[in-house]
1. Step by step: find N for the range 49-116, compute 2.2 N^0.38 Å, then divide the Cα radius of gyration by it. What's the final number?
2. Any chance you could give the angle, 0 to 90 degrees and rounded to 10, that helix 25-40 forms with the longest Cα principal axis of the chain?
3. Taking the chain as the reference, fit the longest principal axis to its C-alpha atoms, fit the long axis of helix 94-113 to the helix C-alpha atoms, and give the angle between the two in degrees, 0 to 90, nearest 10.
4. If you build a Gaussian network model of the chain, linking Cα atoms that sit under 10 Å apart, which residue out of Gly20, Gly76, Gly99 swings the most?
5. Place +1 on the Cβ of every Lys and Arg and -1 on the Cβ of every Asp and Glu in the chain, take the dipole about the Cα centre, and give the residue among Gly76, Ala37, Ile15 whose Cα lies farthest towards its positive end.
6. Once both axes come from the Cα atoms, what is the angle between helix 2-19 and the longest principal axis of the chain, in degrees from 0 to 90, rounded to 10?
7. Which of these values of Cα Rg over 2.2 N^0.38 Å was calculated from the structure shown: [x] 1.16; [y] 0.93; [z] 1.29?
8. Report, by chain and number, residues whose modeled amide H sits under 5 Å from the one on His80, excluding near sequence neighbours (fewer than 5 apart, same chain).
Amino acid sequence: TERFTIRGRNALRRISTALGAPAPAEAANVQEANVIAANNYFPKPYPGRVTLIRCSKRSVLDGDDLLGWDGLAAGGIDVHEVPGHHQNIVLEPRVRVLGQTLRACLSQAQKDSVVL
């Protein structure tokens with residue numbers, strides 16, 4: 001939860017800097033809702049295999065290479081790393097790599113689910 005609070009404050013600072021003015025109240029409301037949700041969410045194990053697509057540049061706050069999935073994915077974890085960080089993997093040119101990775105993962109999942 002502390003991780004979400006710190007990230008949220010940092011995000012609000014970046015918004016303020018980008019705007020050259022205080023972040024809109026709505027942004028603070030979203031941050032507060034995220035903290036409440038994080039405090040009240042308790043993940044349950046998933047019986048299948050999980051595909052984890054993670055950024056190559058992660059915050060020291062992440063700490064965990066499996067981003068919390070270890071112990072939750074009973075069927076194991078397939079890890080794919082894409083270049084960039086959380087804020088820029090959806091921007092060119094990194095989004096192309098993300099798209100290619102997603103396409104390959106979905107194609108593999110379809111092949112794996114074919115019952116003969």
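1. Values: Rg = 13.5 Å, N = 68, 2.2 N^0.38 = 10.9 Å.
So the Cα radius of gyration is 1.24 times the expected 2.2 N^0.38 Å.
2. Tilt of helix 25-40: around 50 degrees.
3. So the helix axis and the longest Cα principal axis differ by about 40 degrees.
4. Sorting by GNM fluctuation, first place goes to Gly20.
5. Ile15
6. The angle comes out near 60 degrees.
7. Recomputing Cα Rg over 2.2 N^0.38 Å here picks out [z].
8. Sorted by chain and number, the residues that satisfy this are Leu52, Ile53, Arg54.
Each value in this text was obtained by applying a stated rule to the coordinates, not by laboratory testing. Because the structure is predicted, anything quoted here is derived from the model rather than measured. Note that each Cβ is placed from the backbone with ideal geometry, even for glycine, and that neighbours are counted across all protein chains shown.
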